[in-house]
Amino acid sequence: MSGPDTQISMPAEDLEDLYENAPCGYLSLQPDGRIVKVNRTLSTWIGIPAEQLLGKRLHDLLNTSGRIFYETHFAPLLRMQGFFNEVALDLVAADGRKLPVLANAMERRAEDGALLFTRVTMFQAAERRRYERELVEARAAADTAGAIVKSQLDFEQQTAELREQFIAILGHDLRNPLASIAAAGRMLRKEEQTDRSTKVLDLMQGSVVRMSGLIDNVLDFARARLGGGIVLDRRAEELEPILRQVIEELRYSHLDRRIEVSIELDGPISCDSSRIGQLVSNLLGNALTHGTPDEPVRLSAATVDGRLELWIANGGAPISSDAMTRLFQPFFKGEAGTSQRGLGLGLYIASEIARAHGGAITVSSGDNETRFTFVMPLD
C-alpha cells in the first residue's frame, strides 16, 4: 500500500534533467505572452539557444500563417476555456526550415482568478502532418476522380442516347426514302421509256442497291460494336433462293460484268438465310468492285462433309501482305482505286456474320485469282 512513507523522492537534478531533455518541448508564457522558461529539447529542435528565446512571444517563433492562426484562434481559445489540445502549428527554425508540431497548453491561475502563466508542450508532428496532408490530398484526388467518373458516365449516357438515335435514323429515317425511290423506279419501268431514261433508271436502281447495302453495313456495325454482336434468326430453310436473289440484284446493278454461279446444296440448312445473303452480297460486291472488269466473278456454294462451303473468286492484282492483315478490320478500304468504294465495312460485317454462325472467312490471293471462302458447320 502506497503512502507518504512509501513514495520515492526523485533527486532534484533528475527533475531538472527530465524537464530539459524531455522527449517533448516545454515552454512557459507570462500573462503578456512572453516566454519566461523553455527547455533544451525545444531550443535544440529550432536551433536557437534557450537564453535567446526568453522574452520573445510564442507567435515570434511561428511562420506567417501560424501567427495569423495564433491571433485568431489559439489565443482566443486559450483565454476562453483555459486550455487546448493538439493544435497544429509550424515553428520556424534558425535556418528557416519549418518544424511541424502539435501543441497542448494549459493556464495556471491564482485563487483570485488572475493569470499567473501558461504552460505549453509541443511534440514533433512531421510524420503525422504529412499523413494528414496525404489524406487530404487523397480525398481531393478521390473527389476529382469521382467527378471525372461522373462526367464520363454522363458523357457515356449522352453518347448512348446519340447512338440509339443514330441507329434509329439508319434503320428507319434513311430506309423509308430509299424504299420510296426504289418503288418509284419500279413504277417508271412499267412505262415506255427511251434508251436514255432506261439507262438513268438502271443507274438509280444500282445506287439504291448500293445505298441499301451501305445502310445495312453501318447499322450492323453499330449493333455489333454497341449491342454485343450480330443477332441471328436461325432456322432450317432452303438457302439457294436467297443466294439467287442476291446474285440477280448484283447482276442488275453491274450489267457489264459476268457472274458464273455453281450451287449444290443438299436440302435445308440451319442458318439465318437473310444474314447469309448479306454475307454473300458483301463478298460478291467486293469482288465486282475490285476484280478485273474483263474477267468473270465466280461463286460456288456446296454442302461438303457436314459443312457449308461458299467461295467467291475474281481476277486481278493480288492483295498485298500488309492489306491481307487488315482486310476484316472495320473501315479498311483496300488498295484499289475505284469510284465505287464504300465505307470499308463490308468484309468486317461478313466476317462477323460468319463468326455468329460458328464459321469463318478465309482469303487467298495470287497472280491469277483472289478467293474469299466461307465455311460453316452444318449443326
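The values are calculated or read from the model by the stated rules, or taken from the named source; none is laboratory data. Values in this document were obtained by computation on a predicted structure and should not be read as measured data. Neighbour counts are summed over all protein chains in view; Cβ atoms, including those assigned to glycine, are modelled from backbone coordinates with ideal geometry. Remember, those area values only see protein heavy atoms, side chains included, never the ligands or the DNA or RNA. Shrake-Rupley method; radii C 1.70, N 1.55, O 1.52, S 1.80 Å.
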Restricting attention to region 73-100, the residues that are touching a helix residue (DSSP H, G or I) at 6+ places or on another chain (Cβ under 8 Å) and either in a strand (DSSP E or B) or open to solvent by 40 Å² or more (accessible area, probe 1.4 Å) (or both) number exactly 10
Name every residue in region 98-133 that is charged (D, E, K, R) and closer than 23 Å to Lys37 by Cα, in order of residue number. Lys98, Glu107, Arg108, Arg109, Glu111, Arg119
Of Leu283, Leu327, Leu255, which residue is outside any helix (DSSP H, G or I), open to solvent by less than 50 Å² (accessible area, probe 1.4 Å) and out of contact with any Asp or Glu (no Cβ under 6 Å at 6 or more places or on another chain)? Leu327
Collect the residues in region 34-60 that are closer than 24 Å to Leu115 by Cβ, without any contact (Cβ under 8 Å) to a residue 60 or more places away in the chain and of a type outside the set (D, E, K, R), keeping them in residue-number order. Ile35, Val38, Asn39, Ala50, Leu53, Leu54, Gly55, His59
So how many residues does region 61-72 have that are without any contact (Cβ under 8 Å) to a residue 24 or more places away in the chain and surrounded by 14 or more Cβ atoms within 10 Å (Cβ to Cβ)? 3
Would you please name the residue that is modelled with the lowest pLDDT, looking only at residues in region 153-180 that are under 16 Å from Arg210 (Cα atoms) and of a type in the set (Gly, Ala, Ser)? Gly171
Hits in region 101-115 (condition: loosely packed, with under 11 Cβ neighbours inside 10 Å and among the acidic types (Asp, Glu)): Glu111, Asp112
Return the residue satisfying two criteria in turn: it lies in region 288-324 and is among the charged types (D, E, K, R) and not in a strand (DSSP E or B), and of such residues it is nearest to Arg244 (Cα to Cα). Glu295
So, in region 331-375, of the ones that are in a loop (DSSP other than H, G, I, E, B) and hydrophobic (A, V, I, L, M, F, W, C), which residue ends up modelled with the highest pLDDT? Leu345
